[in-house]
Amino acid sequence: MTTITAAENASAVTGRKREPVKGSRSSTTTALLMLLPAGILLITFLLIPIGLTFGLAFTNARLISPRPAEFIGVDNFVRLFADDTFWASLRNTIIFAAVIVPVQSACALGLALLVNVKMRGTNFFRTVYFLPVVTSMVVVSMLWLFMYQKNGLINQVLLKFGIDGPDWLGDPHTALLAIILMSAWQAMGFHMVIWLSGLQTIPGELYEAAELDGAGNWEKFRYVTWPGLRATRTFILITITISAFALFTQVNIMTQGGPLDSTSTVVLMAVRTGFQQQQTGYASAISLVFFVLVLAVTLVNRYVTRDKDAR
Amino acid sequence: MKLTTTKRVAVGLLAAALPLSMAACTKGGSSSSGGAGGELTMWTHNAGNKAELAAITNIVNDYNKSQTKYKVKIQAFPQDSYNQSVVAAAASKKLPCILDIDGPNVPNWAWAGYLAPLDGLDAALSKYLPTVLGKWDNKTYSYGYYDVALVMVTRKTILDKYGIRVPTVDQPWTKDEFTAALKKIKASGDFANPLDIATSFTGEWWPYAYSPMLQSFGGDLINRDGYKTAEGSLNGPKAVEWATWFRSLVTDGLVPLKSGADPAKDFINGKSAILYNGTWTAVDTRKAFGKDTLFLPPPDLGNGPKIGGGSWQWGISQNCSDQAGALDYMKFAAQDKYVASVARDTNNIPATDAAAAQVKGYEKGGENQVFLDYAKKFAVLRPVTPGYPFIATEFTKTAQDILNGADPKTALDQAVKDIDANQKSNGYFQ
């Protein structure tokens, strides 16, 4: 019961935010109280592990060992930067992100525009496009694993057009592409919904005005829709980038990083090193590099989007 | 108005959900206990293996009925995630009292202090096959009910059709004979795969199944004299020869780069002429082909045929609060009748001669006698060093890369470098 009261207070706070602040002490206390659960969760599961990662990265700590961890300076990083698998993983991660961000967001926008038209049956298509999102990634990966086989569904379809498809996941040249396609397919329904919410915040009058001015479909998209989606765009860019860098599940199930490291990713490498090979210290070093990488990308993202907001 | 109501409800729900999820977290944290109030927790990797789980459950039920002091409780895990679950539990000191362990991992866990030695079982265990006992530092930490032999499964009619000699324990195929036979089958075009070595299996299968081939060439995973370096063993001329041959199986079209999800089924359906697999396939293949089925020794690739030794074994954990109880169960479960029942239900090689006599097929002159011969004659233990789990992952990755076309020497050199670095950074596990 107390939580509900607190919630009511909180909604009162949000409702009042544009008025001059009155009785702010009690609302600050409420706000802090509301923050507490999330704060505790963040500290235990985010800040403390990150702090530990910083420390462990400079030791030779291992998962199973009676020997205490020793401080070994930057040895882990020297070893990491001399490791071919790491560079392959980094390259794959960057390629994955660079391809999936534009492809997935563009496809999602396309879908959103399609299901945004006022027509009967759009709800059916919305549901269909959203289905892969509510399916677990593990299940999706298993299904596509079968579809990608040498004599799987995809190659059978290609065969109808006279194309002899490759062994998608077994060939170093096509494995990463196959994973990119499947990941984009799985996640784009989610971003479609976000684009859709963005589209529906654009007032209809703007389109009517544009139509009066004689704008065609393309002009309406270019000068009304696109500018109207600025905030949505930023959000989508950031969420896709972050999830792209964290690529792990699909690869772990479908290829385990093979063949010849062609689908290995930084996160996969960290998990493999940390759990299967039991090298906690080295895995921490990998995670630290990953952290810096994501931080850098986020800062660039922030810089780009802040620039536009100021305009 | 409507909007604000919805908002209120949403915020309220959210606020209520948070403490709930916190509660779920704390509950999840304390789910496994070592062994309190006479209850002994037992972990097994058998969740996906009905027959073996049932056999173990039988022993546990018998034990729980035989006395009133302790009660063993089974928790089954799927094999794929079992090792990681145990390692994670070990790191947080939440290991169960009794657990099963894949044989080659025993030295690692014993060295780390997670397993307790099996004191007072020496007399019972002296009758076991040496490959089913997990030892480290002159102490026995685990025993298994069975061993498994690796065999080349095929049919007499196939070999006869192509004029291929049936090899025996004393006269296995030579490397040239083996390759010639595969090429002959390939040339006929009757089979999609002349040989299937089950490359679709993951995890421990790779070192278990393919490092014996390396050893048959004369190489090894590590130099077993002191376990200090893999230099010369894993990247010497013999090892490179193995790697080149291994890759040539794929490039010559004798072995599929990636096997189907169930290689035994492919063999039964006539897709593959010869199947390289563990003796666990004996039941299904015999059901399909009866007396026509042959279980042949692996070829002699230069240094005699080799097969992997050591399978899943049972041990007790150091942090079990009731060591006496765990040991009591281990003693009870080590009886010959249980060795016989588990081996029978899993179709594996019984670990004691007394049990073998009770399992159909393993009696003198029985149809499975040959498996026991292979296990006794060709079995090589995987390196007995706490560094083994690392060696295993390193070898798996290297062998996969080689099969996919990586340069043999470069790939093996890298593996040697990594393995040596790991042995060294652990002070050679002294």
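Here is a yes/no grid of residues against (1) of a type in the set (Lys, Arg); (2) closer than 30 Å to residue A:59 by Cα; (3) assigned to a helix (DSSP H, G or I):
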| site | (1), (2), (3) |
| --- | --- |
| A:214 | no, no, no |
| A:220 | yes, no, yes |
| A:253 | no, no, yes |
| A:259 | no, no, no |
| A:272 | yes, yes, yes |
| A:282 | no, yes, yes |
| A:285 | no, yes, yes |
| A:303 | no, no, yes |
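With respect to residue B:329, determine if the residue is away from chain A (no Cβ under 14 Å) and closer than 24 Å to residue B:281 by Cα. No: the conditions fail for residue B:329.
Let's see how each residue does on (1) in contact (Cβ under 8 Å) with a residue 12 or more places away in the chain; (2) under 29 Å from residue B:390 (Cβ atoms); (3) assigned by TED's automatic domain parsing to the domain that holds residue A:266:
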| residue | (1), (2), (3) |
| --- | --- |
| A:32 | no, no, no |
| A:56 | yes, yes, no |
| A:59 | yes, yes, no |
| A:82 | no, yes, yes |
| A:100 | yes, no, yes |
| A:124 | no, no, yes |
| A:127 | no, no, yes |
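Filtering region B:95-126 to residues that are assigned to a loop (DSSP other than H, G, I, E, B) and either modelled with pLDDT of 90 or more or crowded, with 18+ Cβ neighbours inside 10 Å (or both) leaves B:95, B:96, B:97, B:112, B:114, B:117, B:118. Checked against (1) β-branched (Val, Ile, Thr); (2) in contact (Cβ under 8 Å) with a residue 60 or more places away in the chain; (3) within 14 Å of chain A (Cβ to nearest Cβ), residue B:158 passes all but condition (3). Looking across region B:412-428, just one residue is within 11 Å of chain A (Cβ to nearest Cβ) and buried (at least 22 other Cβ atoms within 10 Å of the Cβ), and that is B:419.
Selection within region A:66-80: residues that are within 15 Å of residue B:427 (Cα to Cα) and in contact (Cβ under 8 Å) with a residue 40 or more places away in the chain. The member of this set that is nearest to the other protein chains (Cβ to nearest Cβ) is A:72. The number of residues in region B:153-179 that are of a type outside the set (Lys, Arg) and surrounded by 13 or more Cβ atoms within 10 Å (Cβ to Cβ) comes to 14. Looking across region A:129-150, the residues that are of a type outside the set (Ser, Thr, Tyr), free of Cβ contacts under 8 Å to residues at least 40 places away in the same chain and either loosely packed, with under 13 Cβ neighbours inside 10 Å or in a helix (DSSP H, G or I) (or both) come down to A:134, A:139, A:143, A:146, A:147. Evaluate region A:170-184: report whether one residue or more is closer than 25 Å to residue A:265 by Cα, surrounded by 19 or more Cβ atoms within 10 Å (Cβ to Cβ) and at pLDDT below 85. Scanning region A:170-184 turns up at least one residue that is closer than 25 Å to residue A:265 by Cα, surrounded by 19 or more Cβ atoms within 10 Å (Cβ to Cβ) and at pLDDT below 85.
How about region B:160-206: which of its residues are touching a Leu at 6+ places or on another chain (Cβ under 6 Å) and acidic (Asp, Glu)? Residue satisfying the conditions is B:196 alone. Within region A:222-240, the presence of a residue that is part of a helix (DSSP H, G or I), polar (S, T, N, Q) and within 14 Å of another protein chain (Cβ to nearest Cβ) is excluded. Of the residues in region B:322-336, at least one is outside any helix (DSSP H, G or I), among the acidic types (Asp, Glu) and out of contact with any Pro (no Cβ under 9 Å at 6 or more places or on another chain).
Just one of the numbered conditions (1) modelled with pLDDT of 90 or more; (2) surrounded by 14 or more Cβ atoms within 10 Å (Cβ to Cβ) is not true of residue B:61; which one? Looking at each condition in turn, residue B:61 falls short on (2). Checked against (1) at pLDDT 90 or above; (2) buried (at least 20 other Cβ atoms within 10 Å of the Cβ); (3) over 24 Å from the mean Cα position of the chain (by Cα), residue B:296 passes all but a single condition, namely (3).
Just a yes or no: is a residue in region A:53-62 surrounded by 12 or more Cβ atoms within 10 Å (Cβ to Cβ), within 14 Å of chain B (Cβ to nearest Cβ), outside any loop (DSSP other than H, G, I, E, B) and on the phi < 0 side of the Ramachandran plot? Yes, that holds for at least one residue.
The values are calculated or read from the model by the stated rules, or taken from the named source; none is laboratory data. Since we're looking at a predicted model, the values are computed, not measured. When we count neighbours, we look across all protein chains shown, and the Cβ atoms used for this are built from the backbone with ideal geometry, even at glycine.
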